[in-house]
1. Among the residues in region 74-84, are any open to solvent by less than 40 Å² (accessible area, probe 1.4 Å) and either out of contact with any strand residue (DSSP E or B) (no Cβ under 7 Å at 6 or more places or on another chain) or on the phi > 0 side of the Ramachandran plot (or both)?
2. Is region 47-69 home to any residue that is within 20 Å of LEU147 (Cβ to Cβ) and out of contact with any strand residue (DSSP E or B) (no Cβ under 6 Å at 6 or more places or on another chain)?
3. For ALA160, which of the numbered conditions (1) outside any helix (DSSP H, G or I); (2) modelled with pLDDT of 90 or more fails to hold?
4. Is region 149-167 home to any residue that is open to solvent by less than 100 Å² (accessible area, probe 1.4 Å) and either under 30 Å from LEU66 (Cβ atoms) or of a type in the set (Phe, Trp, Tyr) (or both)?
5. Given the options ALA103, ALA70, ALA126, name the one that is open to solvent by 20 Å² or more (accessible area, probe 1.4 Å), hydrophobic (A, V, I, L, M, F, W, C) and over 14 Å from the mean Cα position of the chain (by Cα).
6. Quick check on my filter: what residues within region 25-64 are assigned to a strand (DSSP E or B), of a type in the set (Lys, Arg) and within 23 Å of ARG142 (Cβ to Cβ)?
7. Could you tell me which of the residues ALA22, ALA9 is modelled with pLDDT under 95, touching a Ser or Thr at 6+ places or on another chain (Cβ under 8 Å) and open to solvent by 50 Å² or more (accessible area, probe 1.4 Å)?
8. Any residue in region 88-100 that is at positive phi and of a type outside the set (Gly, Ala, Ser)?
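The values are calculated or read from the model by the stated rules, or taken from the named source; none is laboratory data. What you see is a predicted model, and the numbers here were worked out from it, not measured in a lab. All Cβ positions, even for glycine, are placed from backbone atoms using ideal geometry, and neighbour counts span all protein chains on display. Surface accessibility is based on the protein's heavy atoms, side chains included, excluding ligands, DNA and RNA. Shrake-Rupley method; radii C 1.70, N 1.55, O 1.52, S 1.80 Å.
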Amino acid sequence: MRRLITLAAIATFLVAALAQPAVAVDVTAKDLVDNGEAYDGMTVTVVGELIGDYGQRRGGYTWTQLNEDAYVIEPIARGGVPAGGNIGIGVTIPTPLMEGLDAPGRYRQIGPVVSLTGVWKYHDPARHGESFLRVAELTRVRNGEALSEPPDWAALIAGAVLILGGAALLLVRRRSDSST
């Protein structure tokens, strides 16, 4: 009887331990891009800006891109300094989690900054070798917003001078051709 109780206690402990949700590991998009295989199948959390487009798919999920780089924090249009290229990963998000999110980031639009938790899929054979994050949880960190840039007056004036100068040269050339 004592042995039966011990086995029941061990079985209960194992079931409880296995039923615990996976603890997410905080990573960067760069970690996932550079060391994707090491995170394959792991539950991870990554923070970044949703960009590009929200591709609604059958099956109730949305494909999009999560960028995590210096421009998420300080876009160049707001005085940020160029700091290399963009670093991003593909993500699939259950469409209901997308409800109420602002438009994705693109030219003159900052996308919503979100914290995404899900399972990292590295070269997933079911997706023809694509690597992506299958999102289970989404937390909005910051809303998206429109960007505005003032006109670059120096470039506009230089362009106007070049156009007018070219037009003047064309007129002079035509007059000189017609007089000969």
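1. Going through region 74-84, the residues open to solvent by less than 40 Å² (accessible area, probe 1.4 Å) turn out to be 75, 80.
Restricting the remaining residues to those that are either out of contact with any strand residue (DSSP E or B) (no Cβ under 7 Å at 6 or more places or on another chain) or on the phi > 0 side of the Ramachandran plot (or both) gives 80.
Yes - at least one qualifying residue is present in region 74-84.
2. The answer is yes, given that some residue of region 47-69 is within 20 Å of LEU147 (Cβ to Cβ) and out of contact with any strand residue (DSSP E or B) (no Cβ under 6 Å at 6 or more places or on another chain).
3. (1)
4. Yes, region 149-167 has at least one match.
5. Working: ALA103 fails: over 14 Å from the mean Cα position of the chain (by Cα); ALA70 fails: over 14 Å from the mean Cα position of the chain (by Cα).
The conditions single out ALA126.
6. Initially, region 25-64 is screened for residues assigned to a strand (DSSP E or B), giving 25-26, 43-57, 61-64.
Going one step further and asking which of them are of a type in the set (Lys, Arg), we end up with 57.
Passing the criteria: none in range.
7. Values: ALA9 fails: touching a Ser or Thr at 6+ places or on another chain (Cβ under 8 Å).
None of the others qualify; the one that does is ALA22.
8. As a first pass, look at region 88-100 and keep what is at positive phi: 100.
Applying the additional criterion that residues be of a type outside the set (Gly, Ala, Ser) yields none.
There is no residue in region 88-100 that is at positive phi and of a type outside the set (Gly, Ala, Ser).
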